[in-house]
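Asks: First, the structure itself, so that you have it in front of you.
The values are calculated or read from the model by the stated rules, or taken from the named source; none is laboratory data. These numbers were taken from a predicted model, which means no experiment stands behind them. Cβ placement follows ideal geometry from the backbone for every residue including glycine, while neighbour counts extend to all protein chains displayed. The accessibility values were calculated without ligands, DNA or RNA, using every heavy atom of the protein model including side chains. Shrake-Rupley method; radii C 1.70, N 1.55, O 1.52, S 1.80 Å.
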Amino acid sequence: ISVLKGPREEIIYVPCIYRNTGRKKPDFLATVDVNPKSPHYCQVIHRLPMPNVGDELHHSGWNACSSCFGDATKKRNRLILPSLISSRIYVVDVGTDLRAPRLFKVVNPEDVFWKCDLGYPHTSHCLGSGEIMISTLGDPAGNGKGGFILLDGETFEVKGTWEKGDKTPPMGYDFWYQPRHNVLISTEWGIPKCLGYGFDPNDLKKGRYGRRLNVWDWTTHTYVQAIDVGEDAAPLEIRFLHNPDAAEGYVGCTISSAIHRFYKTQEGDWAAEKVIQVPSKKVEGWLLPDMPGFITDILISLDDRFLYFSNWLHGDVRQYDISDTRRPRLVGQVFLGGSITKGGPVTVCRDEELQRQPDPFFIKGKRVPGGPQMIQLSLDGKRLYVTTSLYSAWDRQFYPDLIRDGSVMLQLDVDTERGGLTVNESFLVDFGQEPNGPCLAHEMRYPGGDCTSDIWV
């Protein structure tokens, strides 16, 4: 796949969160107009509130995917919204009116708890079988447990778990599968009841944060191998290269702030090697004396040429050329806030990368609170969208001004020839201006799919 030719994105769906903000409102799905020719450019044009308060909407996925390509009966007309904390799963109809989504079905938490013995759902991917598969962080009591919920692709009823056999990983988070190599690989964030209220440094060194990539046999649904990427690494987002023949990809480790390349070995099992390390900064006036970059989201361009990731604490978004997958080369970087800006509470005492602390980030006269977090790339690779909220309990702790002022969506222009990132100064979606008060905007999806929802088989 060189570069996918598709129409330019005109709207983006974004889950917006009120949990932990002190505003007793339900989370909602926002539809944002990103068409520069529209009179509503950079505005929220529709809001679909959920029927409950405190869900913590987070990531989303589709009811049908490119694995069903060629089946004319399958349409991407339902968006799946798992709730990270309540364990409810919402199914949203985006087919009837893609600018004004409506609620289609609610899967109740007891169905997830009782039929699967799982809870805290995270990543949703559609399967070639027509089913929907959702990874989880734990069991109903909030202990760690890496498993997968299966939903029927037509009725959206809970069918049970995907995994078989006696062995399950101690934690879960994200996953990606690659049928040509008979593999699924999942990651580990941490134990839900430990990270649920916020980040406690006392949880480190106690096995409460993830350290493994978990390898599953795609055909038998069994857990076959664990790859250790380091104590308290917290490997989060995992992405195979888009080329379905490729037996490699990257995973971003949050707390250790490293990118590991994982790959299939000549023996046929899987291994990982660290290919990027963001050095911590020695600081005063912060939670710990060493501040990690905190890599929270990564993605790979559809042509497999560039890797992007965000450092939520340091405040930068980076672009690497991965033409040589073992030696990523930094080609673009931009600072969009973060915890080390000049004039703030944190003093940087030693920094292996920067000569001085970056300036606070302003756009359209607004000082942007928080740091860059979720990212999404346009199909042609030329526009990178960024939001600033990680997860409400951690936002409240690391960036209290994010709770007060609300998060934002920004857009970076990408040089796809040589590499390079620049802020589009005319683009700002300010979720501090919402009718029900400032909210926390998280993951972004386009109707019909994007770089992080498609798995080609």
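Asks: Ranked by accessible surface with a 1.4 Å probe, highest first, in what order do 237, 417, 267 come?
Replies: On the way: 237 5, 417 135, 267 155 Å².
Putting 237, 417, 267 in descending order of accessible area: 267, 417, 237.
Asks: To the nearest 10 Å², what's residue 191's accessible area with a 1.4 Å probe?
Replies: 40
Asks: If you don't mind, another one. Quick check: Cα centre of the range 210-225 to Cα centre of the range 1-59, how many Å?
Replies: 33
Asks: Rank by packing, highest mean first: peptides 13-24, 343-354, with packing defined as the count of other Cβ atoms within 10 Å averaged across residues. Kindly include the intermediate steps, with their values, before the conclusion.
Replies: Working: 13-24: 21.7, 343-354: 12.8.
Highest mean packing first, the order is 13-24, 343-354.
Asks: Given a 1.4 Å probe and every protein chain left where it sits, what share in percent of the accessible area of the chain is carbon and sulfur? Write down the numbers at each step before the final one.
Replies: On the way: 8080 of 16850 Å².
After summing per-atom areas, the C and S share lands at 48 percent.
Asks: Which ³J(HN,Hα) values, rounded to whole Hz and listed in residue order, are derived for the range 162-169 from phi using the Karplus coefficients 6.51, -1.76 and 1.60 in 6.51 cos²θ - 1.76 cosθ + 1.60 with θ = phi - 60°, glycine and proline given as x?
Replies: 7, 6, 10, x, 8, 8, 9, x
Asks: Same structure again: Which whole-number percentage describes the relative contact order of the range 285-433, with Cα contacts under 8 Å and a sequence gap of 6 or more? Show your work: numbers first, answer last.
Replies: Numbers: 325 pairs, mean separation 28.3, N = 149.
Across the range 285-433, relative contact order equals 19 percent.
Asks: Could you put 154, 248, 425 in order of accessible surface area, largest first, with the 1.4 Å probe and the full protein assembly present? Don't jump to the answer; show the numbers that get you there.
Replies: Values: 154 135, 248 35, 425 110 Å².
Putting 154, 248, 425 in descending order of accessible area: 154, 425, 248.
Asks: Please state the charge dipole magnitude for the range 340-433, taken about the Cα centre, from unit charges on C-beta atoms (+1 on K and R, -1 on D and E), reported in debye and rounded to the nearest 20.
Replies: On the way: 11 positive and 13 negative charges, 54 e Å.
My answer is approximately 260 debye.
Asks: At 25 °C and 0.890 mPa s, grab the translational diffusion coefficient of the range 280-364 from Stokes-Einstein with a Kirkwood Rh over Cα pairs, rounded to a whole number in µm² per second. Let's see the in-between values first.
Replies: Values: Rh = 13.9 Å.
Result for D is 177 µm²/s.
Asks: Let me ask you something else. When you count, for each residue, the other Cβ atoms within 10 Å and take the mean per peptide, how do 390-396, 161-167 rank with the highest first? Don't jump to the answer; show the numbers that get you there.
Replies: Numbers: 390-396: 22.3, 161-167: 14.3.
In decreasing order of mean packing, 390-396, 161-167 become 390-396, 161-167.
Asks: Let's test the formula: R0 of 30 Å, r as the Cβ-Cβ distance of residue 8 and residue 418. What FRET efficiency results, to the nearest 0.05?
Replies: E between residue 8 and residue 418, to the nearest 0.05, is 0.85.
Asks: Oh, and also: Let's test this: bin the Cα-Cα distances of the range 1-147 at 5 Å from zero up to the farthest pair and state each bin's percent.
Replies: Taking all Cα pairs of the range 1-147, the binned fractions are 2, 9, 16, 19, 20, 16, 10, 6, 3, 0 percent.
Asks: Residue-wise, which Karplus ³J(HN,Hα) couplings in Hz belong to the range 415-423, taking 6.51 cos²θ - 1.76 cosθ + 1.60, θ = phi - 60°, and x for glycine or proline?
Replies: 7, 8, 7, 9, x, x, 10, 9, 6
Asks: What are the trypsin sites (Lys or Arg not before Pro) within the range 404-457 that DSSP puts in a loop, where the Cβ has at most 11 other Cβ atoms within 10 Å? Numbers along the way, then the final one.
Replies: Values: sites: 404, 418, 445; in loops: 418.
Taking the range 404-457 and a limit of 11 other Cβ atoms within 10 Å, the loop trypsin sites (Lys or Arg not before Pro) found are 418.
Asks: Right, here's the next one. If you place +1 on the Cβ of every Lys and Arg and -1 on the Cβ of every Asp and Glu, how big does the dipole about the Cα centre of the chain come out, in debye to the nearest 20?
Replies: On the way: 51 positive and 58 negative charges, 140 e Å.
Rounded to the nearest 20 debye, it is 680 debye.
Asks: What percentage of all Cα-Cα pairs in the chain are separated by more than 38 Å? Don't skip to the answer; put the middle values down first.
Replies: Details: 15031 of 104196 pairs.
Of all Cα-Cα distances in the chain, 14 percent exceed 38 Å.
Asks: For the pair residue 324/residue 273, report the inter-label distance in nm, with labels modelled 7 Å from Cα in the Cβ direction.
Replies: Each label point lies 7 Å from its Cα, and together they span 1.1 nm.
Asks: Longer than 18 Å from Cα to Cα, which of 145/167; 74/115; 206/281 are they? Say none if no pair is.
Replies: Details: 145/167 11 Å; 74/115 27 Å; 206/281 23 Å.
Over 18 Å apart, Cα to Cα: 74/115; 206/281.
Asks: How long are the three semi-axes of the equivalent ellipsoid for the range 287-419, computed from the Cα gyration tensor as the root of 5 times each eigenvalue, in whole Å, largest first? Could the numbers behind the result be given before it?
Replies: Details: eigenvalues 127, 60, 35 Å².
Here the semi-axes work out to 25, 17, 13 Å.
Asks: Please give the Cα centre distance for the range 175-192 versus the range 325-398, rounded to the nearest Å.
Replies: So the two Cα centres are separated by 27 Å.
Asks: For a quick check of understanding: with a 1.4 angstrom probe and all protein chains in place, what accessible area in square angstrom does residue 270 have, to the nearest ten?
Replies: 10
Asks: Which whole-number percent is the relative contact order of the range 2-441 (Cα, under 8 Å, 6+ apart)?
Replies: On the way: 1206 pairs, mean separation 43.2, N = 440.
Reported as a whole number, the value is 10 percent.
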